[in-house]
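Everything on this sheet refers to the single structure shown next.
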Amino acid sequence: MSIWDRLKKELIDIIQYLDDTNNTLVYRFERFQNEIKWGAKLVVREGQAAVFINEGKLADVFGPGTYTLDTKNLPILATLKGWKYGFESPFKAEVYFISTRQFTDLKWGTMNPVIVRDPEFGPIRLRAFGTYAIRVKDPATFIREIVGTDGRFTTDEIVNQLRNVIVSHLGDALGESKIGVVDMSARYREMGEFLTLEMRPWFEGIGLDLTTMLVENISLPPEVEQALDKRSSMGVIGNVEQYAKFQAADALRDAAKNPGAAGMMVGMGVGNVLGGQMAGVAAGSASGGTPPTPPPIPAVAFFVAINNQQAGPFDASALRAKVAGGELRPETLVWKQGMASWAPAREVPELAAVLNSAPPPLPG
């Protein structure tokens with residue numbers, strides 16, 4: 001360092017720090033050979049605290065304000081009775097500026113699943129992540145326990161340790177909260193508040209305050225999520241027997257739209273229905289109970305020639321509508337699976353009731 005640089009530093013009698021970063025927790029004010037002039041002005045701004053260390057010992061902690069460094073503000077130096085003149089300071093000291101504002105959006109998360117005991121499912125593995133916010137609550141303790149003599153201490157130097165502490169407390173906190181896995185997604189705010197209270201004493205032990213902790217997501221292993229989805233699906237379906245009947249009816253309806261496969265599917269459906277009926281009768285006889293009532297056999301659908309175009313297939317209700325609309329008359333050609341060729345509707349026994357369903361004309 002040149003003589004002029006040393007001279008300028010000795011003439012400077014204002015000690016302050018303007019932080020232009022967003023992650024600095026502690027900054028040590030640099031002076032030539034740590035020489036602080038007697039009577040120097042110390043400026044501490046809002047959101048800061050200044051720790052004065054003399055000859056390796058913590059002398060005092062200053063809050064926001066302007067101070068003159070003499071025996072009035074530093075009682076520990078009251079034993080000093082004189083000093084040398086010139087450009088050499090009467091005492092050597094260090095000033096650490098501590099940022100007391102909140103540091104937000106710090107990330108935490110589990111690198112490996114945490115095993116907890118769920119009240120409904122038993123032992124289960126969980127992954128979780130979120131954010132938290134901290135600030136320095138006790139500057140003296142933070143200097144002693146964490147910073148030491150580090151000239152610039154940032155959040156990057158401590159976030160990994162804080163994340164490990166949070167994860168180590170996560171399993172115990174989740175177990176003590178008694179919140180089931182199914183209910184966790186609806187109670188993230190409550191879980192964050194509970195975790196904050198559980199871990200705040202540890203943070204205070206190193207001079208920090210855990211102001212906020214947010215739980216953004218808690219997830220299960222993929223295979224457990226699939227099993228839970230299946231369980232939810234069964235709950236939505238409700239009566240499995242009724243759902244199976246509904247699925248069978250949908251299959252028959254879709255098969256009826258395909259003339260080539262309609263007969264085969266109808267035959268298979270009738271065979272399955274009869275087979276289920278026989279199994280139910282046998283089960284009822286073996287147990288001494290009344291056999292269940294078999295479901296009705298699905299009605300056969302007909303194709304109808306309308307305006308020389310094939311239409312359908314139509315079930316009984318649709319055929320009645322065609323009769324009422326005049327599109328299906330006794331001479332209209334119809335066909336169903338199993339018929340050799342098209343035939344007039346009056347020649348098909350199954351359609352007699354349908355053709356007679358039309359009301360007679362109103363009297364004049």
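Readers should treat all values here as calculations from the given coordinates under stated rules, not as data from a laboratory. Source: prediction; values computed, not measured. Quick reminder, even Gly has a Cβ in these numbers, built from the backbone with ideal geometry, and neighbours come from all protein chains shown.
At-a-glance table
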read-out: Label point distance in nm, T66-T211, each placed 7 Å from Cα along Cα→Cβ; value: 2.7 nm
read-out: Sorted by Cβ neighbour density within 10 Å, fewest at the top, the residues E94, E145; value: E145, E94
read-out: Pairs of Cα atoms farther than 26 Å apart, the stretch 103-225, %; value: 25 percent
read-out: Förster radius 45 Å - calculated FRET efficiency between S177 and E46 (Cβ-Cβ, nearest 0.05); value: 0.75
read-out: For the stretch 152-172 and the stretch 305-329, distance of Cα centres in Å; value: 76 Å
read-out: Cα-Cα over 27 Å, subset of K37/K137; K37/K57; K57/K107; value: K37/K137; K57/K107
read-out: Simple spin-label estimate for R144 and A353 in nanometres, 7 Å along Cα-Cβ; value: 9.7 nm
read-out: Cα-derived Rg over Rh, computed across the stretch 146-187 with Rh taken as Kirkwood radius; value: 1.25
read-out: By average C-beta atoms within 10 angstrom, highest first, the peptides 134-142, 168-176, 109-117; value: 134-142, 168-176, 109-117
read-out: Assigned charges on the beta-carbon of Lys, Arg, Asp, Glu; the stretch 103-225 dipole about Cα centre (debye); value: 160 debye
read-out: Potential lengthening between Q102 and E223 on full extension [0.36 nm per residue; Cα-Cα distance subtracted]; value: 39.6 nm
